[in-house]
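S.K.: Handing you this structure, nothing more for now.
The values are calculated or read from the model by the stated rules, or taken from the named source; none is laboratory data. Since this is a predicted model, take the numbers as computed values, not measurements. Heads up, the Cβs are rebuilt from the backbone with ideal geometry, glycines too, and the neighbour counts pull from every protein chain shown. Remember, those area values only see protein heavy atoms, side chains included, never the ligands or the DNA or RNA. Shrake-Rupley method; radii C 1.70, N 1.55, O 1.52, S 1.80 Å.
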Amino acid sequence: MGTPLYSIPGPGAPTPESPAGAGQAAASGAAAARVPGAGEAHTVGEVLAQSQAAQVLDELDRELVGLAPIKARIRDIAALLVIDKLRANLGIQAQAPSLHMSFTGNPGTGKTTVALRMAQILHRLGYVRRGHLVAVTRDDLVGQYIGHTAPKTREVLKRAMGGVLFIDEAYYLYRPENERDYGQEAIEILLQVMENQRDDLVVILAGYKDRMETFFRSNPGLSSRIAHHLDFPDYAPADLLSIADKLLTQQNYRFAPGARATFAEYLAHRIRQPHFANARSVRNALDRARLRQASRLFAEVERRFTAEDLTTIESADIRASRVFQAAAASPQP
């Protein structure tokens, strides 16, 4: 393979100055580096203890409600990386696994949170240097005029090197209906870096499932570089209610007697209305309930409030939402 057109600085980046045969020498050096040392792990438990990757998996379980298929898939990927490390520690030569991913699903289903945890897992197991997440959209990558896109895309890739690049709504990079659009240039740069520097960067492409499928059909080069496709399901109503409990606890609030049932009723209506965004909509609804609670308490100028008063969301704070008004106004099936 010749010198790549786009090479982003980092240990994994090939250098144009490398003499002929340097690739073989590097491969030999890498193979030598895989010879096991006295203190290297030789069991799954030892790898998990040394890397503390199990802690990240446990945090993911605690942090995210539901999403059992996603959690199982993340554990499968972690298992692949742990076994690959054990093979390396025994001197078994193999190409590093491809780790570029696609996250599909509706808004508020935990895609960004899982990407953050994945970056931590990859870092703790030694597959990326820094373990940070750089989250971007089309506007961060694509320029407005000729010669603007390449520098923007290279700058983002430079920031992401050694970690994970998360591109939300990635299908907006490709706009075939606009002949003057520069998104294809960003895609071409991404393709080369995903292939030539995959040891130093993991790319996660995210968005709605149907649009991502169309995007991949239009860009088979991208699809062929994605090793792991994770589809994030919508939360069930019971899971959304559990998310509400968790969010309130984190902020030292609680539902008053009857208020939790009112919020469950709110969710039943909200799910059927436009622009529902799963956990994001739950968080927004609770923020508005807190606002109503604050307004209710603010009106009682002379009252001395207790801690219970200041931490309790009443049923009325939820039922004042326009969601109930819209539900009442709409004809029932």
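S.K.: Compute the length gained on full extension between residue 50 and residue 223: take 0.36 nm times their separation in residues and subtract their Cα-Cα distance, giving the result in nm to one decimal. Intermediate values should be presented prior to the final figure.
M.R.: Values: separation 173, 0.36 × 173 = 62.28 nm, distance 3.41 nm.
Here the answer is 58.9 nm.
S.K.: Roughly how many Å² is the accessible area per residue of the chain, as a whole number, for a 1.4 Å probe?
M.R.: Solvent-accessible surface per residue comes out at 53 Å².
S.K.: Then there is this: How would 109, 137, 249 line up by accessible area, probe 1.4 Å, largest first? Show your work: numbers first, answer last.
M.R.: Working: 109 0, 137 55, 249 95 Å².
From most accessible down to least: 249, 137, 109.
S.K.: Provide the FRET efficiency to the nearest 0.05 for the residue 302-residue 330 pair, computing r from the beta carbons and using R0 = 30 Å.
M.R.: For R0 = 30 Å, the calculated efficiency reads 0.15.
S.K.: Please list the non-local residues whose amide H lies under 5 Å from the amide H of residue 166, H modeled 1.01 Å from N, same-chain partners needing a gap of 5 or more.
M.R.: Under 5 Å from the amide H of residue 166: 134, 135, 136, 204.
S.K.: Related question: Output ³J(HN,Hα) for the stretch 316-323: one whole-Hz value per residue in order, computed from phi by the Karplus curve 6.51 cos²θ - 1.76 cosθ + 1.60 with θ = phi - 60°, and x for Gly and Pro.
M.R.: Per residue, the Karplus-derived 3J(HN,Hα) values read 5, 5, 8, 5, 6, 5, 5, 4 Hz.
S.K.: Right, another one. Could you order the peptides 177-186, 206-215 from most to least packed, using the average number of other C-beta atoms within 10 Å per residue?
M.R.: 206-215, 177-186
S.K.: If you don't mind, another one. For the chain, I need the span (max minus min coordinate) of the C-alpha atoms along each principal axis, in Å, sorted largest to smallest.
M.R.: Largest to smallest, the principal-axis extents are 80, 57, 42 Å.
S.K.: Please compute the net charge surrounding residue 292, taking Lys and Arg as +1 and Asp and Glu as -1 over other residues with Cβ under 13 Å from its Cβ. Numbers along the way, then the final one.
M.R.: Numbers: positive: 288, 290, 296, 319, 322; negative: 287, 314, 317.
Summing Lys and Arg as +1 and Asp and Glu as -1 gives +2.
S.K.: Please list the non-local residues whose amide H lies under 5 Å from the amide H of residue 143, H modeled 1.01 Å from N, same-chain partners needing a gap of 5 or more.
M.R.: Under 5 Å from the amide H of residue 143: 149.
S.K.: So which of 71/158; 85/209; 71/209; 71/111; 152/209 end up more than 23 Å apart by C-alpha?
M.R.: 71/158; 85/209; 152/209
S.K.: Also, I was wondering about something else. For the stretch 90-201, what is the Kirkwood hydrodynamic radius in Å, using each pair of distinct C-alpha atoms?
M.R.: Roughly 15.1 Å, rounded to one decimal.
S.K.: Counting pairs of alpha carbon atoms under 8 Å apart in space and at least six apart in sequence, what relative contact order in percent does the chain give?
M.R.: 20 percent
S.K.: Here's something else I'd like to know. Taking the alpha-carbon set of the stretch 177-333, what are its Rg and Dmax in Å?
M.R.: Calculated on Cα positions, Rg and Dmax stand at 22.7, 68 Å.
S.K.: Further, regarding this structure: Could you go through the stretch 182-194 in sequence order and give the Karplus-derived ³J(HN,Hα) for each residue, using 6.51 cos²θ - 1.76 cosθ + 1.60 with θ = phi - 60°, rounded to whole Hz, and x for Gly and Pro?
M.R.: With the stated coefficients, the stretch 182-194 comes to 9, x, 4, 5, 5, 4, 4, 5, 4, 4, 5, 5, 4 Hz.
S.K.: Any idea what angle helix 279-298 forms with the longest principal axis of the chain, computed on alpha-carbon atoms, 0 to 90 degrees, nearest 10?
M.R.: 40 degrees
S.K.: While we're on this one: Take the Cβ-Cβ distance between residue 144 and residue 192 as r, set R0 to 22 Å, and report the resulting FRET efficiency rounded to the nearest 0.05.
M.R.: Working: r = 23 Å, r/R0 = 1.03.
The computed FRET efficiency comes out at 0.45.
S.K.: If I build a Gaussian network model for the chain, linking alpha-carbon pairs within less than 10 angstrom, which residue out of 248, 297, 86 has the largest mean-square fluctuation?
M.R.: 297
S.K.: Compute the FRET efficiency between residue 294 and residue 93 as 1/(1 + (r/R0)^6), taking r as their Cβ-Cβ distance and R0 = 51 Å, and round to the nearest 0.05.
M.R.: Working: r = 62 Å, r/R0 = 1.22.
Calculated value: 0.25.
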